[in-house]
Amino acid sequence: MTLAVEFSQISRHYDAVRAVDNVSLAIADGEFFSMLGPSGSGKTTCLRLIAGFEQPSAGSLRIHGQEAAGVPPYLRDVNTVFQDYALFPHMSVLDNVAYGLMVKGVAKSTRLARAEQMLAMVKLADYGMRKPAALSGGQRQRVALARALINQPRVLLLDEPLGALDLKLREAMQSELKALQKQLGITFIYVTHDQGEALSMSDRVAVFNKGRIEQVDSPQQLYTQPRTAFVADFVGGANVLPAALAETLTGRAQACAIRPEQIYFLSEHGAGLQLPGQVLDIQYHGAVSRFEVEVAGGQRLAVAVPNGQTLAQYRPEPGSAVRLAWAPEAMVWLSEQG
Amino acid sequence: MRSDTASGMQPAAPLWLRGLAWGGLLFLHFPLVVVCLYAFNTEASAFSFPLQGFTLHWFEAALAREDVLQAIWLSLKVASGATLLALLLGGLAAAALYRRNFLGRDAITVMLSLPIALPGIVTGIALLSTFKLAEVDPNFWTILIGHATFCMVVVYNNVIARFRRMPYSLVEASMDLGADSLQTFRHVVLPQIATALLAGGVLAFALSFDEIIVTTFTAGHEKTLPIWLLNQLGRPRDVPITNVVAMLVMLLTMGPILLAWKLTQGTEAVAGSGK
Amino acid sequence: MASASLTLTPPTHLARWRVQLSTLLYRRSTLTLFLLLAPPLLWFGVIYLGSLLALLAQAFYTFDDFTMAVSPELTLDNFRAIADPSNPLFGANIDIVLRTLGMASAVTLASALLAFPIAYYMARYVHGRWKGVWYIAVMLPMWASYIVKAYSWTVILAKGGIVYWLIGALGLNGVLEAILALPVIGGSSLSTSNLGRFLVFTYIWLPFMILPTQAALERVPPSLLQASSDLGATPAQTFRTVLLPLAFPGVVAGSIFTFSLTLGDYIIPTLVGPSGYFIGNMVYTMQGSIGNIPMAAAFTVVPIVIITVYLALAKRLGAFDAL
């Protein structure tokens, strides 16, 4: 396996702020890799370090095995789709797409022909003569993609490219992007704060928090085996039981995560792990209803119950006292850190 | 869309407000109209009203005057030179300051606002006393230096405002696509700031062409057009010539201003649509 | 890969040199900053700031009244003549300062009062294409030649000129005489009275007040006004409690111009109004016919100090965000 991008103990500080704090990371060639985290977690800074818009304060960054420190963006075999698309407003769509070839000195007829091909690839063949301002958000996004791909980079960086689109368009673009990545066979590095987006498209996901990486894993591993409380909560919204509570239940003094859908209500005493509590609130979410339950020590747990099951299920009213239960295997033990 | 519906719901302005607004506008334009009227007046040495009669004779007379032509020529030379210098220095300063943070940046920003914030007499006498210390007699170049200093501020303000509206991601996108710094400047930055440079230049030209306070200190015996006009005010015999030149000067400064306004207008709409 | 099929023009020496230069500038961002800043800073630092500092230094030099010569012996005499009440020149000098300050304040106040309805009308009642027309209609008089505008007023106010004709036609001669007989604002004729001078100053700087005020009013989102009336405020209450406070920084921003420009002007006082110097005239006379640069320099410190104080106040009132 060759590495597309390799971070070795990279830090990026702005005065006192540690935007990226001692991050090590290896992204394989041809991988669809996502950087997931809340805003300010350092994911975008990592992307900008790869693009060359920022330089690391410490550590070493390698792109395809070559040290990247001090190499300006225009000498890197990496292209970017910007969050605001950054289309040049004074150029036509076609000139925007052909820009990368123009600055390389490719002859005009050749580069315009290539740009036409790229536009056809993103299904905008007839839009070349328009100005970017005359396009819709989704169309601009495609132009940005075509423009970034015309140089045939081996790594494509995408900075929340779907953030400005509405839900339906976003979902359609997710599958298109995934298909495109498969077809081109190049590395996609995708920054997003939307865990659903990261999980549905990526081969692997790195979860960022406060400038550090909490966990790098496949989407399934992240969801079922979160290693830290932050990942458990941020990816899929699991309940996190503090070590003290876990100890009273199991004797093991270590924090653990339990998914809301793995907890159920007991109408009377039964087997398994049990916890008394009181229902505070019920939210209807369509496919499931989410019950918020307060248990001993003020800890609140979320319980997800599917709606519309034919099998009648016990559904307590708000305010009623309940007993929660779950299988011991449902508890995922979390590492101390985080 | 919103403002349209808002305007649809907006009741008409109360009469007193409309009266005050239109009255104010009338007040602003009245002296300009007077200047134009008197330029065609037949009366030779006073300002009596109603006007005495209509003539185009004074235009001919004014354009035959050597001192008028010399003053116009000097003002044009000074304004052109000051504008070119201002474009270069103001553009560089804007490019250096708009995105970087460094020690002393705020001090430089304040310093660049001084020639506008401080009264013209301060700039004028400061330059004059320095020229005296350096034993330089006031001449064309001393006028130019004074004008370039405040013109530069005008260009700087215009260009930095445009820079601030330009998303920096455009520059990053250009470099990302393989353009080096100089290519990025030529293909992306320059087209973005071109109209701001032009508008700043036009404003600087108009400002220089019209400037009188600083110029009275730095001109020595040279007479720019405004100084020529100022000197004329004590000469009742020349009233008709003065009237004609006054109107021409006024029209000459208005043209560039309209142009500058048009230049910044269109791009603001474009920049606004990007957001 | 397909890129091999693309016809690249072979990199010329020039192109390679350019990339190398770019990369150097990219890596040495401090060098880039220095190259960009050096020319304007040299110009500004040496010519402008240098001159200002040299001027301030000369305010401490000695001027010999008999030989009319300046000698670099440091003294505070020039400042004493302005600031020390026991100095024999203090009375005349402080009169000049107060006269200028009084006019600058009066002009600022009048401009604010005149400008507000115009700005308000422009911001709230003019829409679409008309907005541009009004904007130009205010901007053109602002940029029309200063000296021509001043000249035009000497024509308008002249005896036998338009204003006198109009007053005569309306039969208001008695009223004009009564006004001109008033102390302070009056005088022997309109063009030699403080009233006339005040009128000209207000006219010339009025657009500098209208535009920032209008911009500030324009920035008040209509939803705020709707919210206010939705909560039960009468139009007058909305105006007083929402619109006025939000527009005030714009008025203060405009006042910086009207105040500073009046304070430093010395052309209009020589053209219109009674005798008696403004700060600007004093500076001009001191350096010119008398050659007393130290005294002129000391006098320029007065507007610098006043404007610094004014700017500090304006900054506190949020005027700089409204510019």
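The values are calculated or read from the model by the stated rules, or taken from the named source; none is laboratory data. Note that the coordinates shown come from a computational prediction; the quantities given were computed from them, not determined experimentally. Reconstructed Cβ throughout: ideal geometry from the backbone, glycine too, with neighbour counts over all protein chains shown. Heads up: the accessible areas ignore ligands, DNA and RNA and are worked out on the full protein's heavy atoms, side chains in. Shrake-Rupley method; radii C 1.70, N 1.55, O 1.52, S 1.80 Å.
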> Per residue, what accessible area does the protein assembly as shown have, given a 1.4 Å probe and all protein chains present, in Å²?
Replying inline: 45
>> Rounded to the nearest percent, how much of the accessible area of the stretch A:98-197 (1.4 Å probe, protein heavy atoms only) is carbon and sulfur?
In response: 53
> Say each of A:THR224 and A:TRP333 gets a label point 7 Å from the Cα, pointing the same way as Cα to Cβ; how far apart are those two points in nm?
Replying inline: 1.9
>> Counting protein heavy atoms only and a 1.4 angstrom probe, how many square angstrom of accessible surface do chains A and C bury in total, to the nearest 100?
In response: 1100
> Non-local amide H neighbours of A:PHE188 (under 5 Å, H modeled in plane, Pro and chain starts lacking H): which ones?
Replying inline: A:GLU31, A:PHE32, A:PHE33, A:LEU156
>> In the stretch A:40-61, whose amide N lies under 16 Å from the spot 7 Å out along Cα-to-Cβ of A:SER24? List them in ranges.
In response: A:58-61
>> What does the C-alpha gyration tensor say about the overall shape of the protein assembly as shown? Classify as rounded when a/c is under 1.5, otherwise prolate if a/b is larger than b/c, or oblate.
In response: prolate
> Using a ≥ b ≥ c from the Cα gyration tensor of the stretch A:3-225 (square roots of the eigenvalues), is it rounded, prolate or oblate, where a/c under 1.5 gives rounded and otherwise the larger of a/b and b/c decides, a/b for prolate?
Replying inline: prolate
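Restricting to bridges with both residues inside the protein assembly as shown, how much of the DSSP beta-bridge set is antiparallel, in percent to the nearest 5?
In the protein assembly as shown, DSSP labels about 75 percent of beta bridges as antiparallel.
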>> Could you tell me how far the Cα centroid of the stretch A:57-73 sits from the Cα centroid of the stretch B:51-84, in Å?
In response: 64
>> For the pair C:SER189/B:ARG100, report the inter-label distance in nm, with labels modelled 7 Å from Cα in the Cβ direction.
In response: 6.0
>> Which positions within the stretch B:31-61 get 30 Å² or more of their accessible surface covered by the other protein chains, compared to the chain by itself, with a 1.4 angstrom probe?
In response: B:PRO31, B:LEU32, B:VAL34, B:VAL35, B:PHE47, B:PHE49
> Given H placed on each backbone N at 1.01 Å, which residues far from A:VAL322 in sequence or on other chains put an amide H within less than 5 Å of it?
Replying inline: A:GLY277, A:GLN278, A:VAL279
> Sorted by accessible area (1.4 Å probe), largest first, how do C:LEU166, C:LEU211 line up?
Replying inline: C:LEU166, C:LEU211
>> Suppose each label sits 7 Å from its Cα in the direction of the beta carbon; what would the A:TYR314-B:LYS262 distance come out to in nanometres?
In response: 8.1
> What quantity of accessible surface, computed with a 1.4 Å probe and excluding non-protein components, is buried in total between chains B and C, in Å² to the nearest 100?
Replying inline: 7800
>> Need one value: the accessible area of A:HIS285 in square angstrom, 1.4 angstrom probe, rounded to the nearest 10.
In response: 100
> Considering protein heavy atoms only and a 1.4 Å probe radius, which residues within the stretch B:141-177 exhibit an accessible-area decrease of no less than 30 Å² in the full assembly relative to the chain by itself?
Replying inline: B:ILE145, B:THR149, B:MET152, B:SER169, B:LEU170, B:GLU172, B:ALA173, B:MET175, B:ASP176, B:LEU177
> If ligands, DNA and RNA are left out, what is the accessible area of B:PHE209 with a 1.4 Å probe, given in Å² to the nearest 10?
Replying inline: 10
>> Could you compute how much accessible area chains A and B hide from each other, both sides summed, with a 1.4 Å probe? Nearest 100 Å² is fine.
In response: 1900
> Just A:LEU47, A:LEU149, A:LEU177 to compare: in a GNM of chain A, with alpha carbon springs under 10 Å, which one fluctuates most?
Replying inline: A:LEU177
> What FRET efficiency would be calculated for the residue pair A:LYS123, C:GLN20, taking the C-beta separation as r and a Förster radius of 60 Å, to the nearest 0.05?
Replying inline: 0.90
> Leaving out same-chain residues fewer than 8 places away, which lysines sit with a Cα under 22 Å from that of A:LYS178?
Replying inline: A:LYS43, A:LYS123, A:LYS168
>> Can you compute the helix-only [θ] at 222 nm over the protein assembly as shown? Use -39500 (n - 2.57) per DSSP H run of at least 4 residues, normalise by all residues, nearest 500 deg cm²/dmol.
In response: -17500 deg cm²/dmol
>> What percentages make up the Cα-Cα pair-distance distribution of the stretch B:16-56 when the bins are 5 Å wide from 0?
In response: 6, 21, 22, 15, 12, 11, 8, 4, 1
> Which lysines have a Cα less than 23 Å from the Cα of B:LYS132, not counting those fewer than 8 places away in the same chain?
Replying inline: B:LYS223
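Rounded, prolate or oblate: which one fits chain C, using the alpha carbon gyration tensor with axes a ≥ b ≥ c (rounded when a/c is under 1.5, else prolate when a/b beats b/c, else oblate)?
It is oblate, given that a/c is not under 1.5 and a/b is not larger than b/c.
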> Put +1 on the Cβ of each Lys and Arg and -1 on the Cβ of each Asp and Glu in chain C; which of C:THR202, C:GLY276, C:GLN58 then has its Cα farthest toward the positive end of the dipole?
Replying inline: C:THR202
> Given the C-alpha centroids of the stretch C:85-106 and the stretch A:134-159, what is the distance between them in whole angstrom?
Replying inline: 68
> Which percent of the accessible heavy-atom area of the stretch B:64-264 goes to carbon and sulfur, probe 1.4 angstrom?
Replying inline: 65
> Which residues in the stretch C:182-225 have a backbone N closer than 19 Å to a point placed 7 Å from the Cα of C:ILE136 along the Cα-to-Cβ line?
Replying inline: C:207, C:211
